[in-house]
Amino acid sequence: MLDEIRQKLEAEIETLTRELNVELPHRIQIAVELGDLRENAEYKSALERQQFVQARIGHLQRRMSELSKIDITQMPADRVGFGSKIKLHDMGLDEEVTFTIVAGDFMDLEAGHVSLASPIGKGLLGAREGEEVAIELPRGERRFKILELSTLPDQLGTAPTD
């Protein structure tokens, strides 16, 4: 999972860097050639995009730095945390759901990704297989039972064996 996230970050950084260093300067140059910059929407648009791209690259680089600090060996192998795949029984709806706990930048509901920062992510954090968890959601409380738990150390084969 960490390698997949790193690859996504690197790909986006590469794309944005190309836009920042090649495409946007070209757009700005064309807009400057059109004349009066005070009334030039293309110029203003290109500058705004340039600022956004610079900020996004900075954000992605900070995320890469955070990822490099994650020590899998220090993550609990028996509790829900970043990267955990969880099979739950939704007791209110009487159905099974499966989630993977991810960072907010990589949330994809269709793929079953839930952000650590979401109410469900926060509510499941630290729970163990077999536990029942009550989570306060915007529409009210929901209760889940953790049927199966595969932590990131389990998935990477670094979990201690008993």
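The values are calculated or read from the model by the stated rules, or taken from the named source; none is laboratory data. On a predicted model such as this, the values are computed, not experimentally measured, just so you know. Here the Cβ is made from the backbone with ideal geometry for all residues, glycine too, and neighbour counts use every protein chain on show.
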Search region 66-76 for residues being over 14 Å from the mean Cα position of the chain (by Cα) and not acidic (D, E), and hand back the single one that is farthest from E19 (Cα to Cα).
P76
Of all residues in region 107-133, which are hydrophobic (A, V, I, L, M, F, W, C) and not in a loop (DSSP other than H, G, I, E, B)?
L109, A111, V114, I120, L124, V133
Would you please name the residue that is modelled with the lowest pLDDT, looking only at residues in region 142-162 that are more than 15 Å from D71 (Cβ to Cβ) and of a type in the set (S, T, Y)?
T161
Of the criteria (1) closer than 26 Å to R139 by Cα; (2) more than 15 Å from the chain's Cα centre (by Cα), which one T100 fails:
(2)
Pairs returned, first residue in region 1-28 that is assigned to a helix (DSSP H, G or I) and at pLDDT below 90, second residue that is aromatic (F, W, Y) and surrounded by 14 or more Cβ atoms within 10 Å (Cβ to Cβ), beta-carbon separation under 8 angstrom, 6 or more apart or interchain, are I5/F106; K8/F106; I28/Y43
For L147, state whether it is surrounded by 14 or more Cβ atoms within 10 Å (Cβ to Cβ) and touching a Phe, Trp or Tyr at 6+ places or on another chain (Cβ under 7 Å).
no
Selection from region 29-43 of residues part of a helix (DSSP H, G or I) and touching a helix residue (DSSP H, G or I) at 6+ places or on another chain (Cβ under 8 Å) yields I30, A31, V32, L37, E42, Y43
